[in-house]
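The values are calculated or read from the model by the stated rules, or taken from the named source; none is laboratory data. Just so it is clear, the model here is predicted, and its values are computed rather than measured. Cβ placement follows ideal geometry from the backbone for every residue including glycine, while neighbour counts extend to all protein chains displayed.
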Amino acid sequence: MSYKETLDFMYSQLPMYQRVGNIAYKKDLKNTLDLCEFLGNPQSKFKSIHVAGTNGKGSVSHMIASVLQQYGYKVGLYTSPHYKDFRERIKINAKLISRKYVMSFIDGVQPIIEQIRPSFFEITVAMAFDYFASQDVDFAVIETGLGGRLDSTNVIDPVLSVITNISFDHIEILGDTLEKIAFEKAGIIKPNKPVIIGEKNIETAQVFKSKASECKSLLTFAEDEILISSDTSEFAVETYAYSSKNGISSTVSMNFPGPYQNENIRTSLATLSLLADLGYFKWHNEKVDHGFRHIKEATYFLGRWEKLSFNPTIIADSAHNQAGLLKVFEKLETMEFEKLHLVLGFVNDKKLDKVFELLPTSAKYYFAKANIPRGLPSKELKKEALKYGLQGKAYVSVRNAFAAAKRAAKEKDLIYIGGSIFVVAEIL
């Protein structure tokens, strides 16, 4: 098969959560284990760091990978979903997996695909493990898909685990309380391997403490180790001052100062500090800062608080649930502009009542359906939003909605594009 035919096969023949929803989710690890055994268990041939959480796990994964690269490590990075190119999911030091490797891999696993009928995600995880092992990476930073306990990535034995935070998302799969969701995420904690928890929450802390105690794993809450504050700010760059319990004190800068990055930076710094304590490198403030400052170039990082243009200001961002969007709109309230234009789309299984309550009635709305089967029809979205006083028009596509917003926006206005990764992907 050609590369296009290979991708068409993967998208059409293998159930894919991003396209079809819950029916693609497998509630055990058997297929992944069978795939890994077929491939010679590549997941055991490199050191890994496992990252889970409701929000921020992609950002944290990229931050950790970028800094590790500054220390000369060859770092594999597995994340999902992708924005423009399937190969974004699997990369080493910012270089995407080759088309040739994708084609060769899918051709080689046809016998076991026919035998066990794995999901798209299961195949992709196995591909990442196989690729990282074949390329002799020093570390692989592995982001979970959904949850953790039953996530396909949870066949690795990492040097440490990271859980960024817990909030409501995918409740139909992970549970309808924060404790239930935390239990699923805590499933990545491994015996005698340390774990960093990014956010201390009274409703979930005991879940993590209990799991860590059961596994005899050192548990660290990032906020107990790292103090962080936004030090100086520009539109394109923000500097964060930090200090740690073990005496480290410096600053890091980032060129995409999103409203949720304080917590992600703190979690990443706590993780990196622990890696230094474990002897993987000696802490150098300059190398750490360089890793954060150059994360986009170092890791091919996309879709988080992307500034697409000025006059009017246009921002595309991947926040897609209540907790993430709350931070977005708190940030927007602090920014100066005349009129806010919101280009929004959501997937059809997202609970939107709490999201609609966050959205400003003073904004002008451009409702759109992302070009995936799970996209919520724009007319339906408009109808539901109207119940919360949100006024706007429905468009047949994200591009049409964005074009309408650009036509309407004046020089001092702000256009925000979001609600779903898949909406942002069509604009980038």
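Before moving on, here are some points about what is shown:
- Flag for Y388 being touching a Leu at 6+ places or on another chain (Cβ under 8 Å), among the hydroxyl-bearing types (S, T, Y), outside any helix (DSSP H, G or I) and surrounded by fewer than 22 Cβ atoms within 10 Å (Cβ to Cβ): yes
- Options K209, K193; residue that is touching a Ser or Thr at 6+ places or on another chain (Cβ under 7 Å) and surrounded by fewer than 24 Cβ atoms within 10 Å (Cβ to Cβ): K193
- None of D349, D317 is at negative phi, touching an Asp or Glu at 6+ places or on another chain (Cβ under 8 Å), surrounded by 15 or more Cβ atoms within 10 Å (Cβ to Cβ) and not assigned by TED's automatic domain parsing to the domain that holds N165 except D317.
- Candidate set: the stretch 34-58, residues that are of a type in the set (D, E, K, R) and within 24 Å of the chain's Cα centre (by Cα); chosen: the one farthest from I116 (Cα to Cα): K57
- Selection from the stretch 264-286 of residues that are over 21 Å from L218 (Cβ atoms) and crowded, with 17+ Cβ neighbours inside 10 Å: N264, I265
- Candidates in the stretch 10-32 are the residues that are surrounded by fewer than 15 Cβ atoms within 10 Å (Cβ to Cβ) and either aromatic (F, W, Y) or part of a helix (DSSP H, G or I) (or both); of these, the one that is modelled with the highest pLDDT is K30.
- Filtered by the rule that a residue be of a type in the set (D, E, K, R) and in the same structural domain as L219 (by TED's automatic domain parsing), the stretch 237-282 gives E263, R266, D277, K282.
- The single condition from (1) buried (at least 24 other Cβ atoms within 10 Å of the Cβ); (2) farther than 19 Å from P118 by Cα; (3) more than 14 Å from the chain's Cα centre (by Cα) that G187 fails is (1).
- The residue pairs whose first member lies in the stretch 213-241 and is under 16 Å from D289 (Cβ atoms) and surrounded by 19 or more Cβ atoms within 10 Å (Cβ to Cβ), whose second member is among the charged types (D, E, K, R) and modelled with pLDDT of 90 or more, and whose beta carbons are closer than 6 Å, counting only pairs six or more residues apart or on different chains, are I226/R266; I228/R266.
- Exactly one residue among K307, K369 is touching a residue at least 24 places away in the same chain (Cβ under 8 Å) and farther than 30 Å from A65 by Cα, and that residue is K369.
- Restricted to helices (runs of 4 or more DSSP H) entirely inside the stretch 99-169, those with at least 3 residues that are surrounded by fewer than 17 Cβ atoms within 10 Å (Cβ to Cβ) are 99-108, 110-116.
- Residues of the stretch 173-209 that are in contact (Cβ under 8 Å) with a residue 12 or more places away in the chain and at positive phi: N192 alone.
- Residue that is surrounded by the fewest Cβ atoms within 10 Å (Cβ to Cβ) [pool: residues in the stretch 287-309 that are of a type in the set (D, E) and under 23 Å from E88 (Cβ atoms)]: E297
- Count of residues meeting criterion [among the small types (G, A, S) and over 20 Å from E199 (Cβ atoms)] in the stretch 308-333: 2
- Against the numbered list (1) of a type in the set (D, E); (2) modelled with pLDDT under 95; (3) over 19 Å from V355 (Cα atoms), E384 comes up short only at (3).
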